[in-house]
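One structure is given here, and the rest of the page talks about it.
Just so you know, all these numbers are worked out from the coordinates, no wet-lab data involved. No experiment lies behind these values; they were computed from the predicted model shown. Every residue, glycine among them, receives a Cβ derived from its backbone with ideal geometry; neighbour counts consider all protein chains shown.
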Amino acid sequence: MGKAFERRYAVGIAVLIAAYWLVPRGLAQNVLQLLTELSALAVLGLAAGRNRPARTAWAFVGLGAGLIFAGDIGQLVYEITGDPVPYPSVEDAGYLLGNLALAVGLALLHIKRPRDLAGALDTAVVTVAGGLLFWFTLVRDLTDVTSAAGITTLGYPLTNMLLLALAVGLLTSPADVADPLVARWLSLAVAGHLIGDMLYGINDGAVTIQDRVTMIPYFVMYLGFAGAGLSAARTPAAQTGARSGHGMSAGRLLGMYAALMVIPGLLLTDHVRHHALDQVPLAIASTLLSLLVPARMWLAMRQLEASTQQRDAFREDLAHQAAHDALTDLPNRAYLMETLAALMHRARRSGEEVALLFVDLDYFKRVNDQLGHAAGDEVLRTTAERMKSVLRAGDVVGRQGGDEFVVLIDPVPSPAELMDIAERLVTIVSAPILTAAGKAQVGASVGIALARDGQTDPEQLLQDADLAAYRAKSNGRGRAEIFDQALRTELEARAKLEAEIRHGLATDQFELHYQPVMSVATGQLRSYEALIRWRHPERGMVPPNDFIPTAEESLLICEIGRWVLRRATRQLAEWTQADPEGHGDITMAVNISARHLASRSLVDEVRQALHDSGLEASRLVLEITETVLLDEPTADAHLRDLRTLGVTVSLDDFGTGYTSIGQLQKLQVDTLKIDQSFLRSDDPATQALVQLMVTAAHAFNLDVVAEGVETQEQLDRLVAIGCELAQGYYLGRPKAAQDTTITTAL
Ligand code: C2E
Ligand code: CA
Ligand code: CA
């Protein structure tokens, strides 16, 4: 209903009322009154049509107003004809029936919510008690209640009281039961109606409807109906589903108590006044009440129960939300940590193990980048579902955050089975996922961490699993790695060693020893190999095999390499300066690790070391191992650059790796160093192999150094097969710089 219509309607009804007041007494006035009434009726009809949830209620209100209208027409007819008005007349029937219909309408508005059983029961209790009261106060003493006049006389106060009670009830109803605006308009209508009837009664029917002052309350009634109809047509009772506390309020309890006290009260007054007891109505009323009151109590209990359940469900909901990830509905990090802590606590007492799988998705970022975040969300949800499907009932899978999931395995099976579970997870997660944006595929790297005897704390275990997952990722993704106590110990030792190496570099604990490389034919010194030593303050001299592998796991090896490069080039430059004759053309070999060779900065560092020391590039040899040529794609380019500088490259430990002799031709190397193991063997086949290597190297224009010469026989053999350079304890051990002298004679 539009505001414009309401405004036009208000103007219309105001014009009607004004005209009623202005026209002279007579038929015109009566017609105007009836028109006003009719317009109110029309709006009530509109409300009945529009207000779906309370359609019946409004139909009854409209019917009530219509019957009153009919009564008014009846009265008008009597006035026009001038006939004496009988009692009761047709108009009385219209008014009384109208009141009843109105009462039904109002009552229906009260309980328009289909499940407001409590309200209906309360009304019934009060009605039974009120009915009994009426019976005792009015009806019983009426001499001729059965006559039409008797019923009519009784009918007016009875129906009016009922209307008043209902109007008050509506006014005090919570907003979700009755629209406050509608309740106010209706109450206004009822009030106008009651006051009008009262004035009429006081004048004992002596006034006609043409008496304008007496008519004022009735016009108020028309206005009230019109307003109520308009409001009801406007508000489509959207609040029907709303909840209101309909337990037993103090007011309701009081009302019920008063209703119940009616019976003893009546018995007492009758006893005092020596009246004969009216047993039948008392018996009927008390039977009804003893049915209604327990029913009402039962209802209150049930409502209380329902609201308790509702509150519990609400609390459960909240708890669930706090412990779960909104996207996947999996347990969240906080909940996982709590569960993990509980598991570990139990494990500490029982000596059981606790196993944790850290599942890190591979290529998830690519899904987000290429298919969008919605697809990413879908992938996470599907992944969550899939993971649940391959786990057992006791296992818990949760979302750690981002594309990381955590699985708690309980009870813990054997490590092999754990690996099985992890692989199953990898397989199921790696299956393509059809999202709305297209096909997505991710993988998973799984880290497994096991806690035995509850020795670690939850955070640590999670970190271990994370680390294992990281290792799985760096070992090629789509796989699982186990992290256990042994690995942890190893890692801790490694971390400690790394710190010590760093400290050693900073405090100058490292030094270089130099081992000579001789010409087999002449016994002349041709080169030195710089070999690092660590003068550890507690452990004494530490050989490189004890710390170089650890340094190679991180960028530490590059720092070491830089230091060796600088120190070795400077050393040779110094020796050359001190003895240009003896050292003028010997070279210095420095070992370079794979990671260092792969690093972008190596070429610059070599150039810098040469520059700083003033050593010619041709006098520096870089020893590299075969594996680096296979593993590091950048190594080849770096070697090329280094050789362009004029630096010589030597392939160390040759024969232990995978390089075939045929490949030698293509490699960026100048020298071959045959691994010590070949010299040590007396096996004729091995010796033949050495011969083959030397011949091949020469064919490709490479120099050959034989490593690990410890005896004269070995040296003789080298002479025999034509190997021109040798290195070994027999020729000279690695020595500190100050102990190094030029060895020429064998
Ligand atoms: P490598 O490069 O093969 O060095 C030769 C190793 O053999 C040296 O061990 C040397 O002392 C030893 N050696 C030499 N002649 C003989 C012999 O006749 N018999 C026996 N049994 N051994 C002999 P060292 O100094 O302990 O070095 C071990 C490894 O540590 C080296 O093997 C090299 O791979 C690495 N290394 C040493 N210094 C450095 C360095 O400054 N940087 C890097 N990255 N690695 C280094
Ligand atoms: Ca070497
Ligand atoms: Ca070697």
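So, with +1 on the Cβ of K and R and -1 on the Cβ of D and E, and no other charges, what is the size of the charge dipole of the range 522-584 about its Cα centre, to the nearest 20 debye? Numbers along the way, then the final one.
On the way: 8 positive and 9 negative charges, 22 e Å.
Here the size comes out at about 100 debye.
Centre-to-centre, using Cα atoms only, the range 383-431 and the range 637-657 are separated by 47 Å.
Against the compact-protein benchmark of 2.2 N^0.38 Å, the Cα-based radius of gyration of the range 589-713 scales to 1.11. As a rough footprinting exposure proxy, the listed residues 328, 489 were ranked by other beta carbons within 10 Å of their own, and the order from fewest upward is 489, 328.
Contact order normalised by length for the chain, with contacts defined as Cα pairs under 8 Å and 6 or more residues apart; what percent is it? Kindly include the intermediate steps, with their values, before the conclusion.
Details: 1063 pairs, mean separation 56.8, N = 746.
So the answer I get is 8 percent.
Nearest 20 debye, what's the magnitude of the dipole of the range 333-483 about its Cα centre given +1 on Lys and Arg Cβ and -1 on Asp and Glu Cβ?
Its charge dipole is roughly 280 debye.
Residues 678, 358, 483 in ascending order of nearby Cβ atoms (within 10 Å, fewest first): 678, 483, 358.
Here's the picture: charge each Lys and Arg Cβ at +1 and each Asp and Glu Cβ at -1 in the chain, and of 506, 282, 343 the one pushed furthest to the positive end of that dipole is 282. Under 20 Å of direct C-alpha separation, and excluding same-chain neighbours fewer than eight residues apart, residue 365 reaches these lysines: 439, 473.
Order the peptides 542-548, 638-644 from the highest to the lowest mean number of other Cβ atoms within 10 Å of their residues. Please report the intermediate quantities before stating the final value.
On the way: 542-548: 15.0, 638-644: 17.9.
Result, highest mean first: 638-644, 542-548.
Can you give the convex hull volume of the alpha carbon atoms of the range 645-746 per residue, in Å³?
Details: hull volume 12.8 nm³, N = 102.
Considering the Cα atoms of the range 645-746, their hull volume per residue is 126 Å³.
Using the average count of surrounding beta-carbon atoms within 10 Å as a protection proxy, the listed peptides 729-735, 10-16, 417-423, 184-190 rank, highest first, as 184-190, 417-423, 729-735, 10-16.
Give the Rg/Rh ratio for the range 333-483, taking Rg as the radius of gyration of the Cα atoms and Rh as the Kirkwood radius, to two decimals. All intermediate terms of the calculation are to be shown ahead of the outcome.
Details: Rg = 15.2 Å, Rh = 15.4 Å.
On the Cα set of the range 333-483, Rg over Rh gives 0.99.
Please work out the Kirkwood hydrodynamic radius for the chain, using every pair of different C-alpha atoms, and report it in angstroms with one decimal place. Write down the numbers at each step before the final one.
Working: mean 1/r = 0.0269 Å⁻¹.
Taking the inverse mean of 1/r over all distinct Cα pairs, the chain comes out at 37.1 Å.
Annotation for the range 21-39 versus the range 270-285: alpha-carbon center distance of 51 Å.
Highest mean packing first, where packing is the average number of other Cβ atoms within 10 Å per residue, the peptides 268-275, 366-373, 720-727 line up as 720-727, 366-373, 268-275.
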